[in-house]
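What follows is calculated from the coordinates using simple rules that are stated; it is not laboratory data. Since the model is a prediction, treat every value here as computed from it, not as a measurement. Because the Cβ atoms are built from the backbone with ideal geometry, glycine has one as well, and the counts that use them run over all protein chains shown.
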Amino acid sequence: MPKSTRQSQRTITHWLMKTEPDVFSIFDLEAAPNRSTCWDGVRNYQARNFMRDQMRVGDPILVYHSNAQPSCVVGVAHVSAAAYPDHTAFDPQDPHYDPKSKLESPTWFMVDIQLDWIFEVSLSLEMLRSVAGLEKMELLRKGSRLSVQPVSKGEFQTIVKRGGKRA
DNA sequence: GCCAACGTTGGC
DNA sequence: GCCAACGTTGGC
């Protein structure tokens with residue numbers, strides 16, 4: 001997409017973001033200053049484009065624990081800062097270092113997210129597969145690997161309703 | 001640990 | 001531009 005039209009028509013307003021709880025869990029997010037963090041380390045172009053070109057401050061996010069036992073949607077956050085360059089790509093010591101990302105023309109971007117609430121009930125993939133209205137959800141597609149992905153408003157509301165709010 | 005499904009790389 | 005080889009993600 002040409003730069004001039006990158007941000008023209010916005011079609012997505014709700015999101016799901018994956019994190020491995022062994023690396024950074026929703027409880028780490030809860031414990032972070034201001035219950036917020038920069039979402040660094042995304043190294044996939046489609047996911048980057050979503051963050052850079054579509055996400056806006058305030059957009060709601062489902063937080064998903066991948067590589068967990070079982071993997072679950074665990075709570076709700078929102079975008080608290082729009083996309084800016086991911087500095088971890090510039091640092092040779094960082095595991096997410098990428099030499100092709102230059103200070104003057106960064107390849108990788110990140111947003112900040114802030115926790116809203118943790119679900120009373122974690123929602124596993126197995127459970128979500130049985131919920132009416134989620135048949136087309138990207139997360140439930142076989143082979144789905146996108147770490148930042150769109151969620152429809154309906155899907156979002158259905159999931160939030162099931163999750164409840166932890167006391 | 002296995003392996004399917006993807007994304008990226010690089011030879012041609 | 002094609003595509004085989006390779007690396008990664010992530011459920012199970």
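Normalised by 2.2 N^0.38 Å, where N counts its residues, the alpha-carbon radius of gyration of region A:106-167 equals 1.29. In the structure shown, the pairs A:K18/A:K165; A:K18/A:K102; A:K136/A:K161 are assessed against 22 Å; a Cα-Cα span above that value is assigned to A:K18/A:K102. Taking the longest Cα principal axis of chain A as reference, the axis of helix A:153-163 is set at about 60 degrees.
A Förster radius of 41 Å, combined with the Cβ-Cβ distance separating A:Q93 from A:A132, puts the computed FRET efficiency at roughly 0.30. Summing +1 for each Lys or Arg and -1 for each Asp or Glu among the other residues whose beta-carbon sits under 12 angstrom from that of A:R35 gives -4. Among residues other than A:L103 with Cβ under 13 Å from its Cβ, the summed charge is -2 (Lys and Arg +1, Asp and Glu -1). Restricting the calculation to Cα atoms, chain A shows an Rg/Rh of 0.96 when the hydrodynamic-style radius is the Kirkwood one.
Take the Cα radius of gyration of region A:21-79 and divide it by 2.2 N^0.38 Å, N being the number of residues; the result is 1.17.
Counting 0.36 nm for each residue step from A:Q157 to A:V121 and taking away their Cα separation leaves a gain of 11.5 nm. Ordered by the number of other Cβ atoms lying within 10 Å of each residue's own Cβ, fewest first, A:F24, A:F119 fall into the sequence A:F24, A:F119.
Rounded to the nearest 500, the 222 nm mean residue ellipticity of chain A from helices alone is -3500 deg cm²/dmol, with -39,500 (n - 2.57) taken per DSSP H run of at least 4 residues.
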